[in-house]
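No lab work stands behind these numbers, since they all come straight from the coordinates. The structure displayed is predicted, hence computed values, not measured ones. No Cβ is skipped: glycine too gets one built from the backbone with ideal geometry, and neighbour counts run over all protein chains shown.
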Amino acid sequence: MTRFQSPDDDEPFEVSADPNTAGESAEFEGANVCRVAMLSTRFSDDRVAMESLAAECRELGLFERVIAAELSWRDTNLRELFAGLPPEQGQPDEARVQNWQALNESGRPRHAVRFLVGVLGSSLERESAAAAAALWRQIAGKVDQLPVRGPRLFRLWDRLIDLELGLGPLLLENGWFWSWPGPYGPEPQDDEQPRLEWAPDTWDTIYHSVASRFGDPYTDPILVLLLVRQRLAWALRSADPITVSFAMAAFQPADSGNANLAGPPPRRHQTPPGALVVSTMIHGTWGWKGDWWRPRSSFHEFILRNHRPNLYSRGAKFSWSGALREKQRIQAAADFSDWAYDVAPNGLQTVFAHSYGGEVAARAVLCGARIQELVLLSVPVTAWVELALPQTPRVIDVRLRFDPVLGLAQTRQRITQPGSNTEIVLLGQWRYSHSATHQEQVWHEEDIALRGRL
């Protein structure tokens, strides 16, 4: 067991359209993480999201038959998805490549599932965790289709009872073995608590023992779900923050695509004349556990020294719960509007907002908060964000070439119709980390301030 690693451990990686790179290899782990996350996005049947990422799809070797969302994947029955999932035998690496090629030839979701199940068994920590997140989103939402009672459940128990891996009892755990406590999934472990080192040999034993029992489309989803739950449980306690971010993406509620403006009327504060004297930062989901947005942190100091000398550095800084619940973002937006008016009655100059902190800022704008310039850092493009963009004088949208976390969470990651007030800064290098856009080194390497005219 070890302590949490630095979130800055995020080296760029290369991608390739060569189908042979779909096999397990350290060199192309980043490419396979992105392939897995892209397939998760495709399962959402969001045509706009896929078309906006068409260039990245092609670089990953994902072609038109899959990109064009003509065939529905989202509503596919579990038995159809898992039809023909063979007991694992032979060379699993070869099977991954074959399933990737079959997916591009057919465009059918069952080949995507076979590829994801193959990646789930990887000895590489990040791609295995990403596959677990993608599979959880497809299976957990369809638990009503699983054979949880009757002869099929007993047949499944017979297939598992001789594994001697402690998986069998999970079948009867409260009768709902696929559920996490609460309706919104688990919370990440306290960063001060010891973390689990990745144990690929142990995972290999568990995975291959269970995978050798594949072969029944009625019970295979349960077998896979048992593996996925175990894998996510480990990933949530990983010493690697990128692995943790992939696991958390499995539980992020999908954006409904509709921003319901019903509720309290916007509070339009009268902005008196005068200089805009305050800029600030808003963290994203679970970001309050980190420190990048806090005064005296490295990124805060970097922006303060080089770009915004009026960056808020006093006490009573703004923070919010960072919880996954929408009602928490609604409350955060109201709180931020009040905070902003108290510290800057003339309005805020620049707000640097990361991830769902960007939606908090967007909701605040729609509630009347005065923000002259909004810097979006890896922000999911929700309906609220799209609505707020025209009402913000200037927007700088900074994001990864492809963001695996947003892909796994099935959230749009491109502004669909950027206006003349919007500057797009797309990182040139492929990266893992959803947090890369608030790292000083990345800002230097990618000339973000210059490209965003900050």
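Determine, for each peptide in 244-251, 365-372, 129-136, 72-79, the mean count of other beta carbons within 10 angstrom over its residues, then list the peptides with the highest first.
Order by mean packing, descending: 129-136, 244-251, 365-372, 72-79.
FRET efficiency for R305 and D45, Cβ-Cβ distance as r, R0 = 30 Å, nearest 0.05?
Using R0 = 30 Å, I get an efficiency of 0.05.
Using only C-alpha positions, report the orientation-averaged shadow area of the convex hull of segment 318-368, nm², one decimal.
Its Cα hull, projected and averaged over all orientations, spans 3.3 nm².
Where does each of 229-237, 390-398 land if you order them by average Cβ count within 10 Å, highest first?
In decreasing order of mean packing, 229-237, 390-398 become 229-237, 390-398.
Just subtract the alpha-carbon distance of A383 and R451 from 0.36 nm times their residue separation and send over the number in nm, one decimal.
Full-extension gain reported as 21.9 nm.
Excluding A129 itself, what net charge comes from residues whose Cβ is under 10 Å from its Cβ, given Lys and Arg +1 and Asp and Glu -1?
Residues near A129 contribute -1 overall.
Work out the length of the dipole vector of segment 299-348 about its Cα centre, built from +1 on the beta-carbon of each Lys and Arg and -1 on the beta-carbon of each Asp and Glu, and round it to the nearest 20 debye.
For segment 299-348, the charge dipole is close to 140 debye.
Which FRET efficiency value, to the nearest 0.05, do you get for S52 and D204 by plugging their Cβ-Cβ distance into 1/(1 + (r/R0)^6) with R0 = 56 Å?
0.90
Relative contact order of segment 280-451: what whole-number percent is it, with Cα pairs under 8 angstrom and at least 6 residues apart?
19 percent
On the first, second and third principal axes, largest extent first, how far apart are the outermost C-alpha atoms of segment 280-451 in Å?
Ordered largest first, segment 280-451 gives principal extents of 40, 34, 33 Å.
Could you work out the local net charge near A83, counting Lys and Arg as +1, Asp and Glu as -1, over the other residues with Cβ closer than 13 Å to its Cβ?
Net local charge, A83 excluded: +1.
Lys and Arg at +1, Asp and Glu at -1: add these up for the other residues within a Cβ distance under 14 Å of P109 and post the number.
In short, +4.
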